Structures are given as C-alpha cells and as structure tokens.
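Each reported figure results from applying straightforward, stated rules to the coordinates on display, with no laboratory input. Everything numeric in this text was worked out from a predicted model, so none of it was measured. With ideal geometry, Cβ positions are generated from the backbone for all residues, glycine too; neighbour counts draw on all protein chains shown.
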Ligand SMILES: Cc1ncc(COP(=O)(O)O)c(C=O)c1O
C-alpha cells in the first residue's frame, strides 16, 4: 500500500462526519494512501492504453449520476490473475442485469486484463475492470449512451494484516436488499453505497468491518466479503439467493470439500451465530480472514480457519487445483 503524509491543515480542518481513516506514523502525522489519481502508469481504456493521469471521464457521465457502473476486483498472484475468466464472465453478466452489453467479449476482457498486467510490470497486484454508461445523454433513461470499458491495475498487498489474530465485526443497521428492490446479483456500483455506509460507520466506531443481515433478517455478508461459520468439521454459510455469486466463496466450498469438510449452505439466523466455534470471511481482496468477534460473540480462530487460509493461499498460487 502506498502511504503518504496528510498535511496538518487537512487533518485539523476537514469536515469529517466520522474520523478520517488513516494511520499515525512515528512522527505523529496522519498517513493516508497516496491518491489514486496521483500515480503513474497506464490504464487500458476503450481499446487503448492511456496515461494513468489522463484516464478522465466527463462530469455528465450517466453512470456517475445513476450508479450503473459495473466492476470486478481481480487479484494477481506471482503474475497470474486468479480465476480471470470467471471474473470477466461475472462482469458481462453484471452489465446485462443492468440492461446493457459491454462491447467486448469475455475473451477480449480477459485479454485486456492480461495486457494491462503486462504493461504494469507488476506480479502481485489488484486489478479493477470497470464498465459504465457514458455522457451521451442525461436523465434517467439510458439507452442512447455508449458503453465504456477500462482496466486499471496497481500493487496491492493484504487487505487485513496479521490474519490469524482475527477481525472484529459489528452488525450494520443496513440490510442487503430484496431481489425485487435491487439487481442484487450484479456487481453494480450503486449497490455499494450500502457497503460504504456500513464500512465507514464500522471503522469509525472501532470495528474492522460490518456484518449485514438481509431484508428477511438472515445473516448475509460483510461489506466486501462472504461469511462462513464452522462447527467441528462442518462449514455453514448463508444461502446465496440474494448475494453476489462469490468467486472466493466458490473456491472455499471446493477446497473445504477436498479436505473432507461438509459444506452446508442454508439460511442462518443471527441467534445461531453464538453456536459456532469459528468464523471467517472470504473475498478476492479479503482472501480468507478469520473473525474473532461479531458484536459481543467471540470466536477463537483455530484449525478450520488456518486450514482454509493455507489452502486458499496454495490454491491462488497454483499449488492446489480446484
Ligand atoms: C459485497 C461483496 N460480497 C462478497 C464479495 C466477495 O466476492 P468475490 O469472492 O467474488 O471477490 C465481494 C467482493 O467482490 C463484495 O463486494
């Protein structure tokens, strides 16, 4: 992660509904991540590479106003993009769910990602393919807008550090929406406003992340990761009827079965959470991250967390095939 010192005037005078997120350095200065617009490199945009600093969109971009960008988060391990085609396929489907077609095939999206990685020279990275409706027309109607597509890639290490220590989750006030109130299977920018509200409030009140329930009160997911609970050698995970089809979730189910663990996908109610021994969250960025507390319920990351963490690490590095 690229960290820079935040000038004093920004920490003192900034209007901040919740405390600024950042780390305090040894000198007592607040450190923040270097702004993404203030970096060097290249971005693949609409079929060509452009300078990182020139990757601009117009103010009147339809998706900026109406939330219809769709995106992926891919992770690169030692030069290999993990489950690239699955991510590209999900991206194309996310756009279809919002009523538009990305003007590139899954194969072309894969190739754009591979080319972007090569151009970056990085071997461990995070990659962000994104598609959006352009600025050809304004208003809720969208059909005359051209669809744009871009891929950016940057160095990114672990999302949570010191993993076996486990993270602490609060319970969010926000609920995952019903399937008839949102295109819930789309990785659509607009759906992330709930995640951002939940995550910002969690970190501002001393938690690492928030666990969201869904519109029916069932345990759903974290702000960027799915959740698993373990009892003995059984893994329990929420029924995935209204959540994003998680690529890491799928990998973990397969890896758990390879180990001989039973995987149970079912509706999990909040009052059941105390009955499990271990808990962990999974996602492309979070990878496998053990949980040590959910709002007063304590777990001890143990054998299962460690096994899944190690197996996932072996899997993304090509040492276990699924
Ligand atoms: C809300 C949400 N849930 C779950 C996930 C995990 O999905 P994946 O494993 O495909 O990265 C993500 C990340 O994309 C997410 O944003």
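Of the strands (runs of 3 or more DSSP E) lying entirely inside the stretch 175-246, those containing at least 1 residues that are more than 11 Å from the ligand (Cβ to nearest atom) and more than 25 Å from residue 300 (Cα to Cα) are 209-214.
Applying the set (1) buried (at least 20 other Cβ atoms within 10 Å of the Cβ); (2) closer than 16 Å to residue 131 by Cβ to residue 76 leaves exactly one unmet item: (2). Note on the stretch 88-100: residues that are without any contact (Cβ under 8 Å) to a residue 60 or more places away in the chain and more than 18 Å from residue 111 (Cβ to Cβ) amount to 3.
Given the criteria within 20 Å of the chain's Cα centre (by Cα), without any contact (Cβ under 8 Å) to a residue 24 or more places away in the chain, within 14 Å of the ligand (Cβ to nearest atom) and under 27 Å from residue 289 (Cβ atoms), does residue 85 qualify?
no
Scanning the stretch 264-310 for residues that are within 17 Å of the chain's Cα centre (by Cα) and more than 15 Å from the ligand (Cβ to nearest atom) yields a single hit, 290. Listed by first and then second residue, the pairs with beta-carbon distance under 7 Å, at least 6 apart or on different chains, first residue in the stretch 229-258 and touching a residue at least 40 places away in the same chain (Cβ under 8 Å) and farther than 14 Å from residue 281 by Cα, second part of a strand (DSSP E or B) and more than 16 Å from the ligand (Cβ to nearest atom), are 233/262. Here residue 164 meets the list (1) away from the ligand (no atom under 16 Å from the Cβ); (2) surrounded by 16 or more Cβ atoms within 10 Å (Cβ to Cβ) almost entirely, failing just condition (2). Can you tell me how many residues within the stretch 84-114 are out of contact with any strand residue (DSSP E or B) (no Cβ under 8 Å at 6 or more places or on another chain) and under 30 Å from residue 314 (Cβ atoms)? Final tally of qualifying residues: 10.
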